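Everything on this sheet refers to the single structure shown next.
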Amino acid sequence: MYTKSIRELGLGLKNKEFSSVELTKHFLERIKKFNTLNALITTTEEQALKAASQADQKIAAGIQEDLTGIPILHKDIFCTNGVKTTCGSLMLDNFIAPYDATVVTKLKDAGAVCLGKTNMDEFAMGSSNENSYYGPVKNPWDTAYVPGGSSGGSAAAIAARLAPAATATDTGGSIRQPAAFCGITGIKPTYGLVSRFGMIAFASSLDQGGPMAANAADCAIMLQAMAGFDERDSTCVNRPKVDYVAELDKPIKGLRIGLPQEFFNDKLNPAIADLVHNAVKELEKLGATVKSISLPNGHLCIPAYYIIAPAECSSNLARYDGIRFGYRCKDPVDLEDMYKRTRSEGFGAEVKRRILIGTYVLSSGYYDAYYVKAQKIRTLIANDFIKALNEVDVIIGPTTPEVAFKIGAKNTDPIAMYLNDIYTSSVNLAGLPGLSLPIGFVNNLPVGMQIIGNYFAEAKILNVAHQLQQVTDWHTKVPAEFA
Ligand code: GLN
């Protein structure tokens, strides 16, 4: 059952080949069996079985939608009513969310069954999932390697087929980079498409929730349920609903693809470049045309991102003060000691580094030199994309410059770690949608290709990815140990 797509599982449920309770038990057993991956922080077995039996009743009554009775996982950044919600941090290790995030509510309403909460880099800061208070997640393709981050738990779980789909978030690449490292498909929607209510904030102007699954069609089904206006998120955009699933089968004849010349430089592993060119050739066979484009300010995305994201996080994380909720240090001697020790003990090293950088770049003497300048660069980067997307329908390139690296290889060198986001963070700075899908292997590790579209063009990029997945089979591969 674990190799089936959401659509196939839905058919199996409909035809009474198995019940949602059986399906849920099947995935819960896999989660237990493969717990050495450390992909989950919390398993919600009891709630899952209850939700599954409710789904079975609905199906028996002939009421079935695409996600009715389908098991999924939530990244532990989404608040789940009555369930521990940690954001990968000791700071929230004792936090039981008193409400559901909008994304959680929407997926519940669509009938999905939540199996548990996935491991992640602390407060979604990281590219390797080594920054979690709950320990590193392992890449199912080789457990000595990182799964990417910060949604590494969700990505590893999908790659090992511990669930057919999962939620994730992407502030600078955290859906696409782990999707690439784990050989699965993930889409970061346009900023404002998916509600951020109840999604623990890292950098509010960049954060966006989205789905991960084995393939683009399953991502479309998930996004269909997750997207939509929410008055509780002031940046959520009120637009007519789009049918992502209906668009999947459209032919892509005449599609105009742009390849950014700056993406294919000497920093990119040439074997990854070859695989991207092979995949683009497949799209050409389906009738797409290709041209070279330029994103001249793209190389500035890392310095701009690593000023803006820490600036916003230093403000967002001020709320963790030991007073209202979360961790509090033991036996404080006075209020100042309580603040100091709570925050020094409750946050990990990377989170503290970001808070320090953010506080620095926002301080009065440096605000103009760093923060304002980074915001100007952000506009230049967005304008490059807008210009290019006037001439092409989608922009295609690698998701990451390298394949997954070994656990421990980069965690003492923050700059090397940050360079993982070179092709992804510019997309967040511009607020555009981007998808990563598997296109082959280098050194036995998966390679991802990124498809970037115009604002709210999720249907288009899912369509292109789905069409490519109709003529390739990389998305069907399961690592041997988990097959
Ligand atoms: N790797 C990036 C960072 O560490 C992006 C993280 C994310 O998208 N949440 O900030």
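Side notes on the structure shown:
- The number of residues in segment 279-291 that are in a helix (DSSP H, G or I) and either exposed (fewer than 15 other Cβ atoms within 10 Å of the Cβ) or among the hydrophobic types (A, V, I, L, M, F, W, C) (or both) comes to 6.
- Evaluated against (1) closer than 24 Å to GLY209 by Cα; (2) surrounded by fewer than 20 Cβ atoms within 10 Å (Cβ to Cβ), PHE441 falls short on exactly one condition, (1).
- Condition check for LEU92: at pLDDT 95 or above and within 20 Å of TYR327 (Cβ to Cβ): yes
- Within segment 256-278, the presence of a residue that is within 18 Å of ALA459 (Cβ to Cβ), assigned to a helix (DSSP H, G or I) and of a type outside the set (Phe, Trp, Tyr) is excluded.
- Residue list for segment 48-66, restricted to those being of a type in the set (D, E, K, R) and more than 30 Å from the chain's Cα centre (by Cα): LYS58
- Members of segment 405-423 that are in a loop (DSSP other than H, G, I, E, B), among the hydroxyl-bearing types (Ser, Thr, Tyr) and either crowded, with 19+ Cβ neighbours inside 10 Å or within 21 Å of the chain's Cα centre (by Cα) (or both): TYR423
Here's the yes/no breakdown for (1) acidic (Asp, Glu); (2) surrounded by 22 or more Cβ atoms within 10 Å (Cβ to Cβ); (3) within 13 Å of the ligand (Cβ to nearest atom):
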| residue | (1), (2), (3) |
| --- | --- |
| HIS74 | no, yes, no |
| CYS79 | no, yes, no |
| VAL83 | no, no, no |
| PRO98 | no, no, no |
| ASP109 | yes, no, no |
| SER128 | no, yes, yes |
| TRP141 | no, yes, no |
| GLY149 | no, yes, yes |
| SER154 | no, yes, yes |
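- Condition met for PRO164 (touching an Asp or Glu at 6+ places or on another chain (Cβ under 7 Å) and either touching a residue at least 24 places away in the same chain (Cβ under 8 Å) or within 22 Å of THR143 (Cβ to Cβ) (or both)): yes
- Sole residue being touching a residue at least 24 places away in the same chain (Cβ under 8 Å), assigned to a loop (DSSP other than H, G, I, E, B) and surrounded by 16 or more Cβ atoms within 10 Å (Cβ to Cβ), chosen from LEU28, LEU67: LEU67
- Condition met for ALA160 (away from the ligand (no atom under 13 Å from the Cβ), modelled with pLDDT of 95 or more and in contact with a Ser or Thr (Cβ under 9 Å, 6 or more places away or on another chain)): no
- Residue in segment 216-233 that is of a type outside the set (S, T, N, Q) and within 16 Å of the ligand (Cβ to nearest atom) present: no
The values are calculated or read from the model by the stated rules, or taken from the named source; none is laboratory data. Being a predicted model, the structure only gives us computed values, none of them experimental. A quick note on method: Cβ atoms are made from the backbone with ideal geometry, for glycine too, and the neighbour counts reach across all protein chains shown.
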